[in-house]
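The values are calculated or read from the model by the stated rules, or taken from the named source; none is laboratory data. What you see is a predicted model, and the numbers here were worked out from it, not measured in a lab. The protein model used for the area step is the full one, side chains on, heavy atoms only, and it has no ligands, DNA or RNA in it. Shrake-Rupley method; radii C 1.70, N 1.55, O 1.52, S 1.80 Å.
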Amino acid sequence: MASTIFRSLHTNPCLLHTTALLRRKDVILYCTMRSAQTRTAATQDKVKPQVKVAPNIQNKTLEKASKDYEAVIGIETHVQLNTLTKAFCSCPYNYGSLPNTSVCPVCMGLPGALPVLNMKVIESAVKVGLSLNCKLSFNSKFDRKQYFYPDLPKGYQISQFDVPIATGGYIDVDLPLEYGGGHRKFGITRVHMEEDAGKLLHSEGGSYSQESTFPFILLNQRCSTSYKAGVPLLEIVSEPDMRTGIEAAEYAAELQRLVRYLGVSNGNMQEGSLRCDVNISVRPIGHIEFGTKVEIKNLNSFSSVSRAIDYEISRQVLLHSQGEDQEIVQETRLWEEGAQKTVTMRKKEGLADYRYFPEPDLPGVFLTQDYVDGIRNTLPELPETKRRRYEKMGLSMQDVLFLANDVNVAEFFDTTITKGADVKLATNWIMGDIAAYMKNEKLTINEIKLSPQELAELIASIKDGTISGKIGKEIVDPAEIEKMVEKVVSENPKQLEQYRGGKTKLQGYFAGQVMKLSKGKANPGVLNKILLEKLNAKS
């Protein structure tokens, strides 16, 4: 029966399209919807006026907070792993897939469907745990986290509760100079594996979830479909070691760098591949006890993390200073980017509400020392190690932070140095003209038509006086060389036809014409690379 239902849903996606079944005002309700409505009504009755914090008051409140109050900040970061298939089934995952594609009975939680753990998830978890200086649990397990929400097909989430795969680590962060600089070390409480649930997407005619499965229409015509449910995640929980929005944002940015260096995730916040939930409380300076914790969600950029924290600190300090600290309750709040404020979303659940118990359909996860050592030996040079190495080269902290920020830029720089280029000149070229060119052309460093070898040769020519730095900039500009190549190719249609007819030696003729046009300034390596692309392009 279950497989019959699944086949009919999978082969007839229109069955899950609300507009194909119902008018806009129609409503389909689960049997639990009444209690949900009751809770909503009760919540609305209890809603109290929001504390408004004007920008000028916020700045003054932050100044007061730094003198009289201390913020305590921790972050739960969800990292979506870039595995080919989901965590517990063989369904592929592709960002932006159509509703009701990449699903199976396991994703949908149909009776009798059993999960099978993707071994790549364990490998990624071990990589991250080792890189965060954590202690690995050689014997860990999965647990069921129970809750009912439209984005959760099974009615529970497979996660890890009391025995996570990694605990007790730390991460080193270098703050940018514009924020005062300095080095920070933030504790890592735990790293655990789990599957993704989902989020509701709101359309003009209503809202729907990309993650759940069954036709599910609520009062505002909320429909749920599934392609993302079951995608593997790592949740990284920090210690409450951060005290400012800047520290929290830089911590999150360092985690993004780390997972990109490791290759376990693309870390794109705009795609939801890296999501941060921030926990904030405020206490008078000198007090040991924590204040009431508030969680903030809907943070889709590092600047949002910083601004949301600053706002929430101001809000809580203002309530403390007015003697209304009892108004600060344990809850989940949303960051509204347009209004630049946090608003109440829901009362925060406690651990008891989730009714955790060991996952009965999955065996325990057992690691061996040989397995862990094998992964440890494959780890790349991490951002913190790379920054310290660049410092020893004599580079300034500004240079170090720029070069180590992007793993591809760092690799380009390292390769250029190994080709014999002067360290400081290579740094200046990459941070200056090459960075400006990439920004203007909206390219990554892997997409520019200049190799580390060619940059090293150019730097050597400038250093030994063969050419000047000014001429060097003209030579290296791929955009200018590309214009010259296009001009020469368009002005020689007969030779182009002959080249494409098999007379490939005419490449030298075209190269000579470009060199003549550039008065001998075009870099031969860049020139030939662009020229071959144009000559072999389909007309």
With T = 37 °C, eta = 0.692 mPa s and Kirkwood Rh from C-alpha pairs, the Stokes-Einstein D of region 328-439 in µm²/s is about 169 µm²/s
I'd like the antiparallel share, as a percent to the nearest 5, of DSSP beta bridges with both residues in region 275-395. 70 percent
Quick one: Debye curve from the alpha-carbon atoms of region 323-376 only, equal weights, vacuum; give me log10 I(q)/I(0) at q = 0.16 Å⁻¹ to two decimals. -0.76
Result for region 95-187: accessible area per residue, probe 1.4 angstrom, in square angstrom, of 42 Å²
So, how do all the Cα-to-Cα distances of region 60-339 break down into 5 Å bins, in percent, from 0 on up? 1, 6, 11, 15, 17, 16, 13, 10, 6, 3, 1, 0
Give a residue-ordered list of calculated ³J(HN,Hα) values for region 497-511 (Karplus: 6.51 cos²θ - 1.76 cosθ + 1.60, θ = phi - 60°; whole Hz; x for Gly, Pro). 5, 5, 4, 6, x, x, 8, 6, 5, 5, 4, x, 4, 5, 4
For region 390-458, take N as its residue count and report Rg(C-alpha) divided by 2.2 N^0.38 Å. 1.01
Solvent-accessible area per residue, Å², over region 242-384 with all protein chains present [probe radius 1.4 Å]: 45 Å²
Please list, ordered by chain and number, the residues whose modelled amide H lies under 5 Å from the amide H of Asp143; skip anything fewer than 5 residues away on the same chain. Ser159, Gln160, Phe161, Glu359
At a probe size of 1.4 Å, how large is the accessible area of Ile285, to the nearest 10 Å²? 90 Å²
Could you work out Rg/(2.2 N^0.38 Å) for region 297-345, with Rg from alpha carbons only? 1.16
Under a 1.4 angstrom probe, counting protein chains only, how are Met269, Met484, Met119 ranked by accessible area, largest first? Met119, Met484, Met269
Distance between the C-alpha centers of region 301-357 and region 374-424? Whole Å please. 38 Å
J(HN,Hα) series, region 268-280, from Karplus relation 6.51 cos²θ - 1.76 cosθ + 1.60, nearest Hz, glycine and proline x: 6, 5, 5, 9, x, 6, 9, 10, 10, 10, 9, 10, 10
Sorted list, accessible surface of protein heavy atoms, 1.4 Å probe, largest first, for Leu114, Leu367 is Leu114, Leu367
Apportionment of accessible area to carbon and sulfur, region 72-144, percent (1.4 Å): 60 percent
If you average the C-alpha positions of region 156-190 and of region 115-138 separately, how far apart do those two centres end up, in angstrom? 15 Å
Volume per residue of the C-alpha convex hull in region 478-536, rounded to whole Å³: 64 Å³
